[in-house]
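Visitor: Below are the structure tokens for one structure; questions will follow.
The values are calculated or read from the model by the stated rules, or taken from the named source; none is laboratory data. Predicted model, so just to flag it, every value in this text is computed and none were measured. Note that we place each Cβ from the backbone using ideal geometry, even for glycine, and neighbour counts take in every protein chain shown. Accessible surface is based on the protein model in full, side chains and every heavy atom, while ligands, DNA and RNA are left aside. Shrake-Rupley method; radii C 1.70, N 1.55, O 1.52, S 1.80 Å.
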Amino acid sequence: MIAATFILFLFLGGMTGRGCQPPGAKKIQAGVIGTVNGTDITAQQYDYAVRQQRAQMRQQGQNRELNANQIATANQQAWESLVQAAIFQQAIDEMGITVSDEEVLSVFENNPPAELLAQYRDEQGNVDMDRYFADLQNPAVDWSQQEAYIRAILPWQKLTEIVSAEAVVTDEEIREEYV
């Protein structure tokens with residue numbers, strides 16, 4: 001009886017294409033290791049995030065080999081960063097946050113990222129803003145990578161500003177919580 005049930009299970013599972021998945025379950029895609037509100041997280045994304053996190057931890061530890069606890073921490077932080085990125089991206093999409101060309105230009109002119117200005121440091125470590133602005137005006141200089149980076153981080157900054165502006169605690173709420 002057990003053997004017949006087992007064979008029937010294998011036969012029906014193979015015919016439906018579901019195998020051991022419950023009825024109504026979404027078919028699992030190859031390479032997908034998790035889903036956050038409908039957004040798939042792939043093994044490649046996770047592997048890349050883990051390698052980045054471990055490299056950062058090694059650099060902070062002066063290139064020492066990581067122990068098992070540090071490796072587990074890096075794995076957990078990599079996963080949490082992917083989940084957070086998926087949630088942030090969904091919020092950005094839902095709120096319709098976009099980045100205009102004027103906003104990108106404003107960042108280049110008024111608040112360039114430190115990583116970008118690092119290329120314009122002199123021997124004393126001071127930023128040569130004249131050279132930076134000369135390159136910014138030079139059409140022969142390719143700014144596409146820097147522009148892509150700014151276009152990627154600006155929506156996150158806008159979302160953070162919106163959330164921070166709405167996260168205000170009034171004096172009345174403080175009194176009520178205290179009581």
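Visitor: Just checking, does region 111-128 include any residue being within 21 Å of Ile162 (Cα to Cα), assigned to a helix (DSSP H, G or I) and free of Cβ contacts under 8 Å to residues at least 24 places away in the same chain?
Guide: Taking every residue of region 111-128 in turn, none turns out to be within 21 Å of Ile162 (Cα to Cα), assigned to a helix (DSSP H, G or I) and free of Cβ contacts under 8 Å to residues at least 24 places away in the same chain.
Visitor: Still on this structure, I have one more. Hey, among Thr98, Thr73, which residue is part of a helix (DSSP H, G or I) and of a type in the set (Ser, Thr, Tyr)?
Guide: Thr73
Visitor: Scanning region 117-140 for residues that are touching a helix residue (DSSP H, G or I) at 6+ places or on another chain (Cβ under 7 Å), over 17 Å from Val104 (Cα atoms) and not acidic (Asp, Glu), which turns out least open to solvent (accessible area, probe 1.4 Å)?
Guide: Tyr120
Visitor: Give Ala55, Ala25 a once-over and let me know the one that is of a type outside the set (D, E, K, R), on the phi < 0 side of the Ramachandran plot, at pLDDT below 70 and open to solvent by less than 80 Å² (accessible area, probe 1.4 Å).
Guide: Exactly one residue qualifies, and that residue is Ala25.
Visitor: Right, here's the next one. Identify all residues within region 58-93 that are over 25 Å from Val32 (Cα atoms) and loosely packed, with under 14 Cβ neighbours inside 10 Å; write none if there are none.
Guide: Gln59, Gln60, Gly61, Gln62, Asn63, Arg64, Glu65, Asn67, Ala68, Asn69
Visitor: Just the residues that are at pLDDT 90 or above, over 16 Å from Glu109 (Cβ atoms) and among the charged types (D, E, K, R), please, taken from region 143-171.
Guide: Lys158
Visitor: Among (1) out of contact with any helix residue (DSSP H, G or I) (no Cβ under 7 Å at 6 or more places or on another chain); (2) surrounded by 15 or more Cβ atoms within 10 Å (Cβ to Cβ); (3) farther than 27 Å from Val36 by Cβ; (4) free of Cβ contacts under 8 Å to residues at least 24 places away in the same chain, there is one condition Trp143 misses while meeting the rest; what is its number?
Guide: So the condition that Trp143 fails would be (4).
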